[in-house]
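Let me begin by presenting the structure, written as structure tokens, before commenting on it.
The values are calculated or read from the model by the stated rules, or taken from the named source; none is laboratory data. Note that this is a predicted model, so its numbers are computed, not measured. Here the Cβ positions follow ideal geometry from the backbone for every residue, glycine too, while neighbour counts run over all protein chains shown.
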Amino acid sequence: MKPAWQVFGLAALPLLLLGSQSSVADDAANGNDADAASVEGQRSSKADPDLQSAPEPVDQARVETREQSPYGRYLTDADGMSLYLFANDQQGADNSTCDQTCAIAWPPYATQAGPQAGEHVDADLLDTIEREDGSRQVTYDGWPLYYFSGDKAAGDALGQDVIHLGAAWYLLSPDGERIEAEERAEASP
């Protein structure tokens, strides 16, 4: 048989835990929680409630290339960020099938002026389409171009051959062909 203090202690434990949780919640609600104050970040009252489904267009898009194993040469923006095509889009169509939630994960490469071609990029294959929000998305050989939100540095290609939102995403070669290397790569330091 267990001593009475052990039985009483075990029975009282849930009550003590519940009491401490409401105290922590009350302190946090009143702004008195030292732990909450030490957490960095933006207060919800200052957060922008409207998620942007597309980033602001650049003044004038410039499509460049990067060469990296195992992909060979592929399209990037002027800062070296990888550009992708979405297999659900129809090549040569005048619209994108990636909007709203899709465009948060795969932001369109949008421009205010006609896009420019960098070295190894065929200017005749560059164009734009109008998106539902009125912005102009850069296309290459009829494929709308997108970023991948998971790419953080120039040369990252973490969106390569990812199946997301019903189809695959691919890097695009300067010839206008999708690159089907199945590896994904972070930029090398």
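Quick one: would you say residue 141 is within 18 Å of residue 180 (Cα to Cα), assigned by TED's automatic domain parsing to the domain that holds residue 72 and touching a Leu at 6+ places or on another chain (Cβ under 9 Å)?
Details: within 18 Å of residue 180 (Cα to Cα): yes; assigned by TED's automatic domain parsing to the domain that holds residue 72: yes; touching a Leu at 6+ places or on another chain (Cβ under 9 Å): yes.
Against the criterion (within 18 Å of residue 180 (Cα to Cα), assigned by TED's automatic domain parsing to the domain that holds residue 72 and touching a Leu at 6+ places or on another chain (Cβ under 9 Å)), residue 141 qualifies.
Any residue that is assigned by TED's automatic domain parsing to the domain that holds residue 169, over 14 Å from residue 57 (Cβ atoms), within 19 Å of the chain's Cα centre (by Cα) and among the charged types (D, E, K, R) - is there at least one of those in the range 95-104?
Applying the first criterion (assigned by TED's automatic domain parsing to the domain that holds residue 169) to the range 95-104 yields 95-104.
Now restrict to residues that are over 14 Å from residue 57 (Cβ atoms): 95, 97-102, 104.
Next, only the ones that are within 19 Å of the chain's Cα centre (by Cα) stay: 97-102, 104.
In the following step, the residues that additionally are among the charged types (D, E, K, R) were identified as 99.
Yes, the conditions are met somewhere in the range 95-104.
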Residue check for residue 71: assigned by TED's automatic domain parsing to the domain that holds residue 173, among the aromatic types (Phe, Trp, Tyr) and in contact with a helix residue (DSSP H, G or I) (Cβ under 6 Å, 6 or more places away or on another chain): no
Unmet criterion (only one of (1) loosely packed, with under 14 Cβ neighbours inside 10 Å; (2) modelled with pLDDT of 95 or more) for residue 21: (2)
Strands (runs of 3 or more DSSP E) completely within the range 86-189 that count 1 or more residues being crowded, with 19+ Cβ neighbours inside 10 Å and not β-branched (Val, Ile, Thr): 110-117, 126-130, 136-140, 167-172
